[in-house]
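The values are calculated or read from the model by the stated rules, or taken from the named source; none is laboratory data. Note that this is a predicted model, so its numbers are computed, not measured. Here the Cβ positions follow ideal geometry from the backbone for every residue, glycine too, while neighbour counts run over all protein chains shown. With ligands, DNA and RNA removed, areas are computed over all heavy atoms of the protein, side chains included. Shrake-Rupley method; radii C 1.70, N 1.55, O 1.52, S 1.80 Å.
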Amino acid sequence: MRKVYLTGAGPGDIELLTLKALRVVRQADVIIYDRLVNPDLLKEAKPGCECIYVGKENKHHILPQDEINTLLYDKALEHESVVRLKGGDSVVFGRGGEEALFLVSKGIDFEFIPGITSAIAVPEMANIPITHRGKSVSFRVVTGYESPDKGYAQLDWSSFKHDETIIFLMGLHQLENICKQLIGVGKSKDYPVAVISRGTLEDEQVIVGTLADIYEKAKDLPTPALIVVGEVVRIREVLLGEG
Ligand code: SAH
């Protein structure tokens with residue numbers, strides 16, 4: 001049956017792909033993919049599969065979302081199997097829900113295929129477990145990229161709990177502000193922070209610091225990068241035998 005598969009490609013390392021995602025990638029007639037998708041994955045596509053890049057840069061989209069929607073629709077009319085491939089998981093700040101709603105409104109069948117989100121896997125592969133008994137009983141994934149036109153709610157900085165891990169996606173350019181805001185609502189300047197750049201990939205870089213010094217240490221790291229704030233960051237050095 002004709003379908004669009006809204007598929008998570010995982011955080012970078014292509015081995016972090018689900019078997020279900022691999023199956024639809026191999027069967028796809030068309031693959032529409034983003035900047036964060038590891039291009040090596042496209043080698044799994046069948047001969048003749050049309051691969052279309054609609055990569056998103058930091059602030060502007062190379063192709064606006066409504067054009068991506070239209071493209072999905074047009075390709076779904078022409079082909080049996082269309083895969084919309086996105087970094088991580090497509091519903092974690094990936095507009096998967098919006099694309100699903102659009103397809104439904106057009107009477108096109110769709111299926112979500114979950115991916116491993118960078119929010120969990122990138123810290124984990126950098127030896128930072130995002131929950132840990134006694135240190136963190138919950139975690140929150142938030143966007144560091146606040147912009148009124150994106151429609152994300154303004155952050156209530158005072159709502160972060162002490163024993164909570166905060167993972168900021170799209171936050172590297174906001175790193176200084178994030179640290180200032182957290183210090184402003186009473187977090188200690190020594191509170192641990194890690195920035196992980198190009199996590200799970202061969203050129204991954206992990207910088208560990210505090211709310212007071214992480215900005216100077218990490219501001220020039222290459223993207224994509226995410227920020228982990230919380231006591232769990234300290235576990236890394238113990239796991240690496242540096243503690
Ligand atoms: N849907 C994606 C997130 C999209 S938002 C997911 O589930 O992973 C894009 C942000 O994700 C980037 O700005 C960065 O903060 C983070 N990110 C994605 N891949 C990453 C990687 N390999 N290393 C570090 N951060 C990554």
Which net charge results when you count Lys and Arg as +1 and Asp and Glu as -1 among the other residues whose beta-carbon is under 15 Å from that of LYS219?
-2
The helix 65-78 Cα axis meets the longest alpha-carbon principal axis of the chain at an angle in degrees, between 0 and 90 and rounded to 10, of 30 degrees
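Normalised by the number of residues in the chain, what is the relative contact order in percent for Cα pairs under 8 Å and 6+ residues apart? If you can, show how the numbers build up before the last one.
Numbers: 481 pairs, mean separation 49.5, N = 243.
Relative contact order, the chain: 20 percent.
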Output the peptides 90-99, 182-191, 16-25 sorted from most to least packed, where packing is the average of other Cβ atoms within 10 Å over each peptide's residues.
90-99, 16-25, 182-191
Please label the shape of the range 78-163 as rounded, prolate or oblate, based on the square roots a ≥ b ≥ c of the eigenvalues of the alpha-carbon gyration tensor (a/c under 1.5 means rounded; beyond that, a/b larger than b/c means prolate, else oblate).
oblate
Largest first and to the nearest Å, give the Cα extent of the range 3-113 along each principal axis.
34, 33, 21
Check the range 118-239 and count each lysine pair with an alpha-carbon distance under 23 angstrom, considering only pairs eight or more places apart or from different chains.
15
Pull out a ≥ b ≥ c, the square roots of the eigenvalues of the alpha-carbon gyration tensor of the range 118-239, then state rounded if a/c is under 1.5, prolate if not and a/b is larger than b/c, and oblate in the remaining case.
rounded
Gaussian network model of the chain, Cα within-10 Å springs - most flexible of ASP66, ASP163, ASP13:
ASP66
Over the range 118-239, with neighbouring protein chains present, the accessible area per residue in Å² at probe 1.4 Å is 49 Å²
Long-range Cα-Cα pairs in the chain (distance over 31 Å), rounded percent
28 percent
Number of Lys pairs (Cα under 18 Å; 8 or more positions apart or on different chains) in the range 3-113:
14
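Antiparallel as a % of all DSSP beta bridges within the chain, to the nearest 5? Intermediate results must be reported in sequence, preceding the final value.
Details: 17 of 41 bridges.
Once the DSSP bridges in the chain are tallied, antiparallel ones form about 40 percent.
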So for the chain, taking the charge dipole from beta-carbon charges (+1 Lys/Arg, -1 Asp/Glu), which of GLY12, ILE183, ILE52 sits furthest toward the positive end?
ILE183
For the chain, take the longest principal axis of its alpha carbons; what is the angle in degrees between that and the long axis of helix 175-184, to the nearest 10 within 0 to 90?
50 degrees
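With the full set of protein chains in place, find how many percent of the accessible area of the chain is carbon and sulfur; take the probe as 1.4 Å.
Working: 6150 of 11970 Å².
Carbon with sulfur: 51 percent of the solvent-accessible area.
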